[in-house]
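A short worksheet on the structure shown next.
The values are calculated or read from the model by the stated rules, or taken from the named source; none is laboratory data. In this text, all values refer to a predicted model and were calculated from it rather than measured experimentally. Glycine gets a Cβ as well: all are built from the backbone with ideal geometry, and neighbour counts include every protein chain shown.
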Ligand SMILES: [Fe+2]
């Protein structure tokens, strides 16, 4: 078994794992320990790794106990190059510039993306961080009055253009035939059983059970609670960082990335990958 040291990254969520020697497969005791910490903390950070895509995929899927499930041959997460890198330098990098509001990747998909990971392949420090919040912590600390108000309500989430608040520098991803889904706001995590606040700044459209003049202020109250600065933790990327997080319980955002800024190339893996043909991939523009 690897001798691992586990350090909290913030009070509510996230752990750094020190001492992992990556290999495929890891021994059972190491897997169990990492899976337990991942379930409890939602995000694991490994620093100073030199790993290829196969190791990133293995670690990410192992943490959600899907390492024995073969890749769906129709999934598009492996072969489409511009789906694989968040980059301001690679010619087909995704989200190459701009600010991203807090979101759960592909929240508009009926089948949630369970795990998401980024690996710092080319990072010219210092670069813009990735900022995280925990939707589990959001629920656990939600005032009783707000809990009562959201109980039994559902919200719709869309890949379509929908913008609230300060849009300065925001990157807008435009999808053809934008998809959407509806889910309870008081959401039960399918693997951990935790309750979490399932709405996000970037993709939540409306509370389907309420009229907009009632629903919109409630959404804003939830955001004010969930995204308060004390609930955020920022990862300042270094080359060789691997961050793996539970995409259902942990949301991510980032400040403005510039194409003429330092290289920020992060190799991305997500599972399960939402089904999208190359023509359905988004185009990017700036909200202003
Ligand atoms: Fe994302």
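Scan region 217-239 and tell me whether some residue there is under 30 Å from residue 142 (Cα atoms), within 14 Å of the ligand (Cβ to nearest atom) and within 19 Å of the chain's Cα centre (by Cα).
Yes: one or more hits.
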Seminar exercise, completed: The residue that is surrounded by the most Cβ atoms within 10 Å (Cβ to Cβ), considering only those in region 41-58 that are under 16 Å from the mean Cα position of the chain (by Cα) and assigned to a helix (DSSP H, G or I), is 41
Exercise. Counting only residues that are touching a helix residue (DSSP H, G or I) at 6+ places or on another chain (Cβ under 9 Å) and modelled with pLDDT of 80 or more, which one in region 267-288 is farthest from residue 246 (Cα to Cα)?
Worked result: 267
Exercise. So residue 189 fits all but one of (1) surrounded by 13 or more Cβ atoms within 10 Å (Cβ to Cβ); (2) at pLDDT below 85; what number is the exception?
Worked result: (2)
Exercise. Does residue 106 count as within 16 Å of the ligand (Cβ to nearest atom), at pLDDT below 95 and assigned to a loop (DSSP other than H, G, I, E, B)?
Worked result: yes
